[in-house]
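Asker: Starting off with a structure, shown below.
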Amino acid sequence: NEIGTAFLLKGYGIVTCNHVAEHASFVSHWKCKEKQHLASVSKCLEMHDIAVLDSPTFPFRKHVHLEVQHRLLDHNDKYYFSGFPNYNGTDPPSVLSGRIVNKTTLFGLDYYKIDKPVYDGASGSPLVCEEFKVAGIIVRGLGADHSPGDTDSNLGVFVNYINTIE
């Protein structure tokens, strides 16, 4: 079972990572885990690991929709991310804060390097700036043994690329 984090983004719906979404068959709100809603990928940018899910029965109006931060964050800007790293089925979301360490470009897109480790289950978390708008999507973390992989770990992709997915 692939567990990941998703969030509601104003104007888009349920957003997560493609590597989480491609295995997702349902979504649920963490406060109502027992109420599962069928889900499928409606749009994705596979190479950059962004997906929007379709879930016809999910109660969208009952939940908070985050807004998009249209500017790239800078080195040392503060961020927050909330998700379900090492999810055990009972814990509420973890909220972490830190600073942008650097930015990098992969396949022509901007990514944030963050100073907190990203563990399994946190993929798809919103990377939120101090204005509490979504600046990025957590897409890459540590390897299965919690060590850095062959490429950059602990990355968030700039959220504005969601405009380019089909």
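The values are calculated or read from the model by the stated rules, or taken from the named source; none is laboratory data. Owing to the predicted nature of the structure, the values given are computational and were not obtained by experimental measurement. Keep in mind that these areas ignore ligands, DNA and RNA; they rest on the heavy atoms of the full protein, side chains included. Shrake-Rupley method; radii C 1.70, N 1.55, O 1.52, S 1.80 Å.
Asker: Please work out which option in (1) 1.10; (2) 0.95; (3) 1.00 gives Cα Rg over 2.2 N^0.38 Å calculated from these coordinates, and answer with its label.
Answerer: (2)
Asker: Considering only protein heavy atoms, what is the solvent-accessible area of V101 at a probe of 1.4 Å, reported in Å² to the nearest 10?
Answerer: The accessible area comes out at roughly 70 Å².
Asker: Sequence-distant or interchain residues sharing an amide H contact under 5 Å with L127, placed H: which?
Answerer: Hits under the 5 Å cutoff: A135, G136, I137, I138.
Asker: Please calculate the 1.4 Å probe accessible area of D110, with all protein chains present, and give it to the nearest 10 Å².
Answerer: My reading of the accessible area for D110 is about 50 Å².
Asker: Determine the alpha carbon to alpha carbon distance for each of K35/K116; K78/K103; K10/K35; K10/K31; K31/K133 and list only those over 24 Å.
Answerer: Correct reply: K35/K116.
Asker: Per residue, what accessible area does the chain have, given a 1.4 Å probe and all protein chains present, in Å²?
Answerer: Per residue, the chain has an accessible area of 54 Å².
Asker: With a 1.4 Å probe and every protein chain kept in, tell me what percent of the accessible surface of the range 1-89 is carbon plus sulfur.
Answerer: 50
Asker: Tell me, what is the percent relative contact order of the chain, built from C-alpha pairs under 8 Å that lie six or more residues apart?
Answerer: 23
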